[in-house]
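Asks: Once you've had a glance at the structure underneath, I'll fire off some questions.
The values are calculated or read from the model by the stated rules, or taken from the named source; none is laboratory data. Quick caveat, the model's predicted, so the values are computed rather than measured. Using ideal geometry, Cβ is built from the backbone for each residue, glycine included, and neighbour counts are taken over all protein chains shown.
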Amino acid sequence: IESETGRGMSPPDRSKSPRPAPSRRGVPSKPRLPKPPIAIPGARLHDGYVLGGLPSKEQFDEAYAAGFESAMSLMANDEDGIREIAPYASSLGVRYIRFTVRGTEDLNESMAWQFASTLGMLGRPAIIHSANGERAGAMFALMAFFVDEASADEALAIGRLAGMGSLEAHLRGVLVRD
């Protein structure tokens with residue numbers, strides 16, 4: 001797991017203290033799919049972030065002109081397109097944070113806490129992308145379940161709205177309370 005931030009949150013030690021009341025951050029009251037202000041592949045607007053696939057240089061130009069000053073990539077360095085787009089976004093003045101989610105092995109509670117911590121470093125509006133956008137949706141589902149203590153059904157609903165797609169089947173086995 002790579003993260004250029006070098007900082008992370010750890011899960012709380014629940015054996016020594018009572019559970020805090022859930023914040024319910026990101027839990028939708030009813031499904032809404034507003035139109036994202038910029039067009040990246042598979043774009044979805046969620047909680048002040050545009051989630052989707054890898055933006056092109058032109059889409060980063062459009063995003064920066066629209067006031068987006070932050071982006072987070074969930075892609076590994078060896079994935080197609082990332083080596084060209086990351087330096088380009090940074091050259092525009094976009095704060096570009098790398099938070100690598102390689103595959104289903106990285107979809108776990110520890111990563112949910114690290115993701116929540118890293119989100120705190122992004123301003124809004126911001127872009128969060130992977131190659132096709134599914135990892136972003138999955139990370140929001142994990143964060144809802146583990147960090148915000150949403151139910152598995154609520155977390156999966158958030159993940160669906162955020163575009164987790166084919167990763168839902170895997171998450172069903174991860175979103176289980178001890």
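Asks: Does region 128-141 contain any residue that is assigned to a strand (DSSP E or B) and modelled with pLDDT of 95 or more? Quick ask: steps written out before the conclusion?
Replies: Start the filter on region 128-141 by keeping residues that are assigned to a strand (DSSP E or B), which leaves 128-129, 132.
Now restrict to residues that are modelled with pLDDT of 95 or more: 128-129.
Yes: region 128-141 contains one or more residues that are assigned to a strand (DSSP E or B) and modelled with pLDDT of 95 or more.
Asks: Then there is this: Could you tell me how many of the residues in region 130-158 are at positive phi and surrounded by 24 or more Cβ atoms within 10 Å (Cβ to Cβ)? Can you show your working first?
Replies: First, the residues of region 130-158 that are at positive phi: 133, 149.
Applying the additional criterion that residues be surrounded by 24 or more Cβ atoms within 10 Å (Cβ to Cβ) yields 133.
Adding up the residues that qualify gives 1.
Asks: Failed condition for Gly159, given (1) touching a Gly at 6+ places or on another chain (Cβ under 7 Å); (2) assigned to a loop (DSSP other than H, G, I, E, B); (3) small (Gly, Ala, Ser), with all others met?
Replies: (2)
Asks: If Val101 satisfies all but one of (1) closer than 16 Å to Val50 by Cα; (2) surrounded by 16 or more Cβ atoms within 10 Å (Cβ to Cβ), what's the number of the condition it fails?
Replies: Every listed condition holds for Val101 apart from (1).
Asks: Here are some residues: Ser70, Ser90. Which one is out of contact with any helix residue (DSSP H, G or I) (no Cβ under 9 Å at 6 or more places or on another chain) and free of Cβ contacts under 8 Å to residues at least 12 places away in the same chain?
Replies: Details: Ser70 fails: free of Cβ contacts under 8 Å to residues at least 12 places away in the same chain.
Exactly one residue qualifies, and that residue is Ser90.
Asks: Just the residues that are surrounded by fewer than 19 Cβ atoms within 10 Å (Cβ to Cβ), out of contact with any helix residue (DSSP H, G or I) (no Cβ under 8 Å at 6 or more places or on another chain) and part of a loop (DSSP other than H, G, I, E, B), please, taken from region 43-63.
Replies: Gly48 - this is the single residue of region 43-63 that is surrounded by fewer than 19 Cβ atoms within 10 Å (Cβ to Cβ), out of contact with any helix residue (DSSP H, G or I) (no Cβ under 8 Å at 6 or more places or on another chain) and part of a loop (DSSP other than H, G, I, E, B).
Asks: Related question: Considering only residues that are within 19 Å of Gly165 (Cα to Cα) and not in a loop (DSSP other than H, G, I, E, B), look in region 92-110 and name the one that is nearest to the chain's Cα centre (by Cα).
Replies: Going residue by residue through region 92-110, those that are within 19 Å of Gly165 (Cα to Cα) are 100-108.
Filter once more, so that each one left must be not in a loop (DSSP other than H, G, I, E, B): 104-106.
Numbers: Thr104: 14, Glu105: 16, Asp106: 13 Å.
Across region 92-110, the extreme among qualifying residues is Asp106.
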